[in-house]
Amino acid sequence: MLKPGRDLRRDLRAHGRLVISFLLALVAAMAVSSSAHAGQWPEEKGGQALGEAPELLLTFDDGPHETLSKSILDTLKERNYKAIFFWTGRRVTGEKAGLDERLALVQRAVREGHLVGNHTVNHAKLCSVKKEEAEQEIDDNRKLYETLTGLPMFLMRVPYGARCKRLEKMLAERNIRHTHWDLDPQEFRHHSTDLAVQYVTRKLARLENGKRAILLMHDTQPVTATALPRILDWIEEENVRRLEALSSTLDDQGKRKGRRQRRPDKLPIRIISGSEFVGQRYPAPLLGVAEAGLLEVGQMLRTTSLQILPHP
Ligand SMILES: [Zn+2]
């Protein structure tokens with residue numbers, strides 16, 4: 001596992017300044033460009049579950065944030081769930097306060113079994129900016145995080161879920177697939193923990209057996225940190241209710257012949273890890289990466305022809 005030492009950190013900061021100044025020069029062009037193509041990515045949503053149970057994949061965008069990502073990681077660790085974080089490069093470069101904490105959180109997330117996906121350096125509108133800029137946003141962020149984590153970054157969530165032909169081609173050329181979402185509580189708009197929890201739990205209550213939902217929240221929003229434990233509480237309590245319903249139905253089947261039985265239509269909700277998701281969705285050799293386990297991946301990369309890219 002790479003540890004960003006003083007030299008690496010200095011290089012990352014220099015890189016960040018370069019990218020930021022480069023992008024500042026493009027602000028005018030971005031201002032006049034058309035809005036992002038709000039296409040859909042139907043084939044990239046949760047899709048079919050691994051098993052019969054309804055499944056949930058937790059994903060968090062826009063971090064790392066020195067206190068909110070930490071709080072989310074604490075919650076996930078306490079309950080032993082693994083998520084995917086789609087993080088931006090601008091938060092791990094530059095001279096900003098909290099940089100050391102954010103760098104440490106990147107390392108911690110990977111160490112604790114979460115996956116880190118690409119969300120561009122500057123949360124860019126990839127269908128609006130110039131082609132070279134869009135490519136740089138994707139490639140620079142990948143290099144940054146591959147250097148920080150020692151892991152390949154093949155997961156991506158396009159900011160705003162933007163979709164256009166040019167971007168589709170760009171991602172295909174890089175063997176990257178956008179990971180879309182099913183549940184979007186819009187907590188970044190209303191800032192209400194209650195609304196976020198209500199939205200997610202109502203949707204999860206209706207999630208069918210054999211189906212998977214990908215939850216999108218933002219680890220830069222205080223609501224995400226406060227809503228997450230309540231959402232997980234609801235899932236755990238709901239799962240107990242479903243198990244009780246299942247076991248009482250099984251009892252009834254033996255005891256009350258001839259009487260109409262209520263079949264529990266929903267199995268307990270399973271929260272799957274990012275690795276399980278990748279293992280199902282991505283072909284070998286990425287499947288091998290998922291199976292090898294995250295901590296072994298760094299070693300594997302060092303001993304095979306795959307290379308950790310040098311820092312920019
Ligand atoms: Zn975002």
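Which residue pairs have Cβ atoms closer than 9 Å, lie 6 or more positions apart in sequence or on different chains, and pair a first residue in the stretch 156-170 that is under 16 Å from Asp140 (Cβ atoms) with a second residue that is more than 14 Å from the ligand (Cβ to nearest atom) and among the aromatic types (Phe, Trp, Tyr)?
Val158/Trp41
What do you reckon, is His123 within 16 Å of the ligand (Cβ to nearest atom), modelled with pLDDT of 95 or more, under 15 Å from Thr93 (Cβ atoms) and surrounded by fewer than 24 Cβ atoms within 10 Å (Cβ to Cβ)?
Here the answer is yes, as His123 does meet what is asked.
Within 15 Å of the ligand (Cβ to nearest atom), crowded, with 20+ Cβ neighbours inside 10 Å, among the acidic types (Asp, Glu) and assigned to a helix (DSSP H, G or I): is that true of Glu146 in this structure?
no
If you go through the stretch 55-78 one residue at a time, do you hit one that is farther than 29 Å from Lys130 by Cα and either modelled with pLDDT under 95 or among the small types (Gly, Ala, Ser) (or both)?
Yes, that holds for at least one residue.
List, please: which pairs have Cβ atoms under 6 Å, are six or more places apart or on different chains, and start with a residue in the stretch 74-86 that is in contact (Cβ under 8 Å) with a residue 24 or more places away in the chain and end with one that is β-branched (Val, Ile, Thr) and away from the ligand (no atom under 15 Å from the Cβ)?
Every condition considered, the pairs that remain are Tyr81/Ile271.
Suppose the filter is within 16 Å of the ligand (Cβ to nearest atom) and of a type outside the set (S, T, N, Q); does Val129 pass it?
Yes.
Name the single residue that is surrounded by the most Cβ atoms within 10 Å (Cβ to Cβ) among those in the stretch 175-195 being away from the ligand (no atom under 13 Å from the Cβ) and closer than 22 Å to Gly47 by Cβ.
The residue in question is Pro185.
Residues of the stretch 80-96 being in contact with an Asp or Glu (Cβ under 7 Å, 6 or more places away or on another chain), within 12 Å of Val106 (Cβ to Cβ) and hydrophobic (A, V, I, L, M, F, W, C), which ones?
Phe85
Please go through the stretch 103-120 and give me each residue that is crowded, with 22+ Cβ neighbours inside 10 Å and in contact with a helix residue (DSSP H, G or I) (Cβ under 7 Å, 6 or more places away or on another chain), ordered by number.
Listed by number, the residues that qualify are Leu105, Val106, Ala109, Val110, His114, Leu115, Val116, Asn118, His119, Thr120.
Hey, among the residues in the stretch 52-101 that are of a type in the set (D, E, K, R) and within 14 Å of the ligand (Cβ to nearest atom), which one's surrounded by the fewest Cβ atoms within 10 Å (Cβ to Cβ)?
Arg90
Within the stretch 197-210, can you find the residues that are surrounded by 17 or more Cβ atoms within 10 Å (Cβ to Cβ) and either within 16 Å of the ligand (Cβ to nearest atom) or in contact (Cβ under 8 Å) with a residue 60 or more places away in the chain (or both)?
Leu204, Leu207
Can you work out which of the residues in the stretch 68-97 that are of a type in the set (Ser, Thr, Tyr) and assigned to a helix (DSSP H, G or I) is farthest from Glu276 (Cα to Cα)?
Out of the qualifying residues, it is Ser71.
The values are calculated or read from the model by the stated rules, or taken from the named source; none is laboratory data. Note that the coordinates shown come from a computational prediction; the quantities given were computed from them, not determined experimentally. Don't worry about glycine lacking a Cβ; one is built from the backbone with ideal geometry, like all the others, and counts go over all protein chains shown.
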